[in-house]
1. To the nearest 20 debye, what charge dipole does segment 1-118 have about its Cα centre, counting +1 at the Cβ of each Lys and Arg and -1 at the Cβ of each Asp and Glu?
2. Could you identify which residue out of LYS70, LYS45, LYS102 has the top mean-square fluctuation in a GNM of the chain using Cα springs shorter than 10 Å?
3. So what J values fall out for segment 62-73 if you push phi through Karplus, 6.51 cos²θ - 1.76 cosθ + 1.60 with θ = phi - 60°, rounded to Hz, Gly and Pro as x?
4. Could you tell me which of the pairs LYS73/LYS93; LYS70/LYS93; LYS19/LYS45; LYS19/LYS57; LYS31/LYS73; LYS45/LYS102 are separated by over 28 angstrom between their Cα atoms in the structure shown?
5. Just LEU34, LEU48, LEU67 to compare: in a GNM of the chain, with alpha carbon springs under 10 Å, which one fluctuates most?
6. Quick one: dipole size for segment 61-125, taken about the Cα centre, charges +1 on Lys/Arg Cβ and -1 on Asp/Glu Cβ, in debye to the nearest 20.
7. If contacts are Cα pairs under 8 angstrom and at least 6 residues apart, what is the relative contact order of segment 25-125 in percent?
8. Can you list the residues, at least 5 places off or on another chain, whose amide H is less than 5 Å from the amide H of LEU24, using H built in the peptide plane?
Amino acid sequence: MADYIIVTNNPQVLETFHKDKEVLFREVDFKEILTVVRDLVYQGKELLTHPLSGSVKPLETHYKSVLISKADKGPTDFRSVQLIESALNACTKFAYKNDNDKQTLEDMQAVDLALISGAIASADA
């Protein structure tokens with residue numbers, strides 16, 4: 001088993017990786033999944049991928065997947081705290097897009113899946 005946890009709100013990521021990776025899935029919006037990640041960082045986890053990876057602005061997509069350390073890294077990792085807090089602050093600067101048609105949502109999921117798949121391939125190498 002890998003040394004990371006995939007934190008996601010993306011059903012495609014859950015479906016793709018749930019059999020051989022540890023996936024923490026929550027049915028929440030973009031900002032709330034970052035809040036879940038933040039809470040885990042404050043509990044001692046370390047960010048392994050940037051919470052705003054890719055060229056997608058916060059709240060232009062509904063889906064986000066982030067890799068965090070499986071083991072607690074001891075004292076709070078301040079680099080991880082700074083990154084996740086900055087990502088949450090960035091969410092307040094953008095208007096939430098309410099594109100809810102099925103094809104748009106599936107496209108958003110596919111983009112997030114592609115981004116996290118690349119990160120997972122690197123982490124597993």
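Every number here is computed from the coordinates shown, using simple stated rules; none is lab data. On a predicted model such as this, the values are computed, not experimentally measured, just so you know. FYI the Cβ positions are ideal-geometry reconstructions off the backbone, even for glycines, and counts take in every protein chain you see.
1. Working: 14 positive and 18 negative charges, 58 e Å.
The calculated dipole for segment 1-118 is roughly 280 debye.
2. Among LYS70, LYS45, LYS102, the largest mean-square fluctuation in the Gaussian network model of the chain belongs to LYS102.
3. So the J values, rounded to whole Hz, are 8, 10, 8, 10, 9, 8, 10, 5, 6, 7, 5, 8.
4. LYS73/LYS93; LYS70/LYS93; LYS19/LYS57; LYS45/LYS102
5. LEU48
6. Values: 7 positive and 9 negative charges, 44 e Å.
So the magnitude is around 220 debye.
7. Numbers: 104 pairs, mean separation 33.3, N = 101.
About 33 percent, as a whole number.
8. Answer set, sorted by chain and number: ILE6, VAL7, THR8.
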